[in-house]
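See below for the structure under consideration.
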Amino acid sequence: PRVNVLVVGGAGYVGSHAARRIAAAGHDVWIYDNLSTGHREACLPERLIEGELADRKTLTKVLTDHKIEAVLHFAACCYVGESVTQPAKYYQNNVVGTLALLDALRAAEVSRLVFSSTTAVYGTPDKVPITEDTPLNPISPYGFTKRVVEHALVDYAHAYGLGSIALRYFNASGASREGNLGEDHAPETHLIPLVLQVALGQRDKITIFGDDYPTEDGTCVRDYIHVEDLAEAHLLALDAVEPGTCNAMNLGSEHGASVLQVVEACREVTGHEIPVEFGPRREGDPAELIADASRAREKLGWQPEFTDIRSIVETAWQWHLEHPDGYSS
Ligand code: UDP
């Protein structure tokens, strides 16, 4: 059935892809975003409502006016490094802001929520692949803010009947196959867009953070998951979420790629040499993060389409070639 959905943070990278996918499935989709890091160009203008996450009153009115039945919540600060130097910003936006949203949901009697969580809630896991039962030991303020909200969701399900699914993303990457939505962060800190900036001539080389990890080639291994596969999981979660229950699910491809393998894939896709230099390790980087996503496969019927890093990089390269300066291109 057609559902009225509010996508909070729907102008951002993952949120915009999810909003489009959910609208394509026939739902009535509204986007709520303050455009602090999101992009107006990533939204249908007549569907964008500009507002603050912490503004409980406005949120409640939007939920009521549009008869919203389910909310997807993407609005968060998401830089691990920045969260270490500016934790106040992270606790304020990600925790206090989200609590305002949860209050608005209660006030408007909306009982279905899909929440963007992260692998960062696990910190440095003892073993890979990572299941959802792995203890949550975040090592960054960013990871803590997401963990705190996940705990609130458990308590709110129990006390207030809120239904939620927390989706723990591994490394979101790639761009829409249609080529008009993609990654545009300022500053950019993520590996694939940085490597592609070298291919575009926007930077000289890529610095690889550490070459002495206990992995096959000494560089960190990550599980890169395509942003459209994430979008599909949100559509499925929207259908699956039930009032009064709370679930967490990993979203990853279940395949690992090392930093060097990512660079090599970028060389193959772009035809550029892409010089690398090796630098020191980046603080807080675990050697290897690979998802066990069987819960999402079983409970949501989710199956990621992009399973190799090269096909992910191809979509990212198409986006960056056509939008060398992001949405402002
Ligand atoms: N990385 C790197 N050089 C860079 C940016 C990232 O070597 O300029 C590495 C980083 O150490 C990590 C991987 O690439 O092992 C993915 O990093 P990213 O910041 O994209 O995502 P994260 O894993 O931190 O969520």
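The values are calculated or read from the model by the stated rules, or taken from the named source; none is laboratory data. Just so we're clear, the structure is a prediction, and the values are computed from it rather than from any experiment. Reconstructed Cβ throughout: ideal geometry from the backbone, glycine too, with neighbour counts over all protein chains shown.
Structure data summary
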read-out: Qualifying positions in region 243-258 - surrounded by fewer than 22 Cβ atoms within 10 Å (Cβ to Cβ), over 23 Å from His17 (Cα atoms) and in the same structural domain as Ala19 (by TED's automatic domain parsing); value: Pro243, Gly244, Thr245
read-out: Breaking point among (1) crowded, with 16+ Cβ neighbours inside 10 Å; (2) modelled with pLDDT of 95 or more, for Glu188; value: (2)
read-out: All strands (runs of 3 or more DSSP E) inside region 1-75 with 3 or more residues being of a type outside the set (Val, Ile, Thr) and touching a residue at least 12 places away in the same chain (Cβ under 8 Å); value: 28-33, 70-73
read-out: Per-region count, region 176-216, residues more than 12 Å from the ligand (Cβ to nearest atom) and in a loop (DSSP other than H, G, I, E, B); value: 16
read-out: Hey, Ala152 more than 9 Å from the ligand (Cβ to nearest atom) and small (Gly, Ala, Ser) or not; value: yes
read-out: So Gly81, is it outside any strand (DSSP E or B), within 17 Å of the chain's Cα centre (by Cα) and small (Gly, Ala, Ser); value: yes
read-out: Identity of the residue in region 149-165, of a type outside the set (S, T, N, Q) and in contact with a Phe, Trp or Tyr (Cβ under 8 Å, 6 or more places away or on another chain), that ends up nearest to Ala240 (Cα to Cα); value: Ile165
read-out: Residue within region 259-269 that is more than 16 Å from the ligand (Cβ to nearest atom), surrounded by fewer than 19 Cβ atoms within 10 Å (Cβ to Cβ) and in contact (Cβ under 8 Å) with a residue 40 or more places away in the chain present; value: yes
